[in-house]
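Accompanying notes for the structure given below.
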Amino acid sequence: NKTAQLQAQIFATKLESDEKAKAVAMLRRALDEQRDLTLRLTSEQEKDAQQRLSNQKTEYETTIQRHLGFIDQLIADKKDLSDKVETLMTQLRSTEKKLGDRVKLLEEG
């Protein structure tokens, strides 16, 4: 009787142990799957962040180049205007001198 009872208890303990081993194996598989999913999602997020960063960098570089082109154009326009002012000032001085010379001639004549 005690032997049968002991055998039944050992059998129940073995069944319980087997069930717990199966549960542990199932939880380990679930944990591995979750770890793989987390790694995959993290990798995708990193790729997405890198792509957004690359797009933003390209956009900023394009904007900077456009601004530099605009600045270069403004500098060129300023140089052209300075040259025109210098030419006009030279013409004005020449005209003033000629006018002064004529006035002198008229006063002397």
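Odds and ends about this structure:
- Here's the picture: charge each Lys and Arg Cβ at +1 and each Asp and Glu Cβ at -1 in the stretch 13-82, and of 49, 73, 38 the one pushed furthest to the positive end of that dipole is 38.
- Area of residue 103 that stays accessible when all protein chains are in place (1.4 Å probe, Å², to 10): 70 Å²
- Probing with 1.4 Å while keeping every protein chain in the model, the per residue accessible area of the chain equals 97 Å².
- Choice from 72, 18, 36 with maximal GNM fluctuation in the chain (Cα, 10 Å cutoff): 18
- Here the sum of -39500 (n - 2.57) over DSSP H runs of 4 or more residues, divided by the residues of the chain, equals -38000 deg cm²/dmol at 222 nm, to the nearest 500.
- 0 to 90° range, to nearest 10: angle between helix 2-108 axis and the chain longest Cα axis: 0 degrees
- Cβ-Cβ FRET estimate between residue 71 and residue 51, R0 fixed at 35 Å, reported to 0.05: 0.70
- Total charge dipole magnitude, the stretch 33-109, about the Cα centre, Cβ charges on Lys, Arg, Asp, Glu only, Debye to nearest 20: 280 debye
- Highest GNM mean-square fluctuation among 23, 12, 49, for the chain modelled with Cα contacts below 10 Å: 12.
- For the stretch 35-109 versus the stretch 1-21, the spacing of their alpha-carbon centroids is 90 Å.
- Residue with peak Gaussian network fluctuation, the chain [Cα springs, cutoff 10 Å], from 90, 63, 42: 90
- Solvent-accessible area, 1.4 Å probe, carbon plus sulfur percent, for the stretch 31-109: 58 percent
The values are calculated or read from the model by the stated rules, or taken from the named source; none is laboratory data. Just so it is clear, the structure is predicted and the values come from calculations on it, not from any experiment. Every residue, glycine among them, receives a Cβ derived from its backbone with ideal geometry; neighbour counts consider all protein chains shown. Side chains included, ligands, DNA and RNA excluded: accessible areas come from the protein's heavy atoms. Shrake-Rupley method; radii C 1.70, N 1.55, O 1.52, S 1.80 Å.
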